[in-house]
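The structure appears right after this line, and notes come after that.
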Amino acid sequence: MSAVAWWGWVLAVAAGSIGALLRTWLVRTLTKRPLPFGVLAANVVASVVGGAVVADRVELGPTWSLVLIGGFCGGLSTLSTLAADTVELWLENRRRDAVGNIAVNVALGLFAAWGAWSLVS
């Protein structure tokens, strides 16, 4: 495995910040009924980007792979908010929505990553 260029670490931090800001905007903008669609959108977009990068990572190299997946996608996607939203749904006795929230996030995330990978490779 090749080493990551020093500037890649700096860009990864910046890209992570941009991803986190985009996630925050999506979570605050999109409705939480019946499911937290902001978190879903953030996770699906991160999965699309991640799938595309994995398909082209030989061409991109380790530095840009880190910037895009570790930085941008890492800041954009969120397991902790997915978990917290799911617990909140469960505690509100919206059990079907809680289980559906997990299922939809996982299914669409995997499909998005696979679809992007298929298109790029």
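The values are calculated or read from the model by the stated rules, or taken from the named source; none is laboratory data. Not measured: the values here are computed from a predicted model. With ideal geometry, Cβ positions are generated from the backbone for all residues, glycine too; neighbour counts draw on all protein chains shown.
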Legend entry - Members of the range 44-77 found to be in a loop (DSSP other than H, G, I, E, B) and surrounded by 23 or more Cβ atoms within 10 Å (Cβ to Cβ), listed by number: Ser77
Legend entry - Residue list for the range 21-35, filter: buried (at least 18 other Cβ atoms within 10 Å of the Cβ) and part of a helix (DSSP H, G or I): Arg23, Leu26, Val27
Legend entry - Unmet requirement for Ser121, which otherwise passes all of (1) loosely packed, with under 14 Cβ neighbours inside 10 Å; (2) at pLDDT 95 or above; (3) closer than 23 Å to Gly51 by Cβ: (2)
Inset, instruction - Please list, ordered by first then second residue, the pairs with beta carbon atoms under 7 Å, 6 or more apart or interchain, first in the range 93-121 and under 18 Å from Thr78 (Cβ atoms) and in a helix (DSSP H, G or I), second modelled with pLDDT of 95 or more and charged (D, E, K, R). - result: Asn101/Asp85
Inset, instruction - Please tell me if Arg57 is out of contact with any Gly (no Cβ under 8 Å at 6 or more places or on another chain) and among the basic types (Lys, Arg). - result: yes
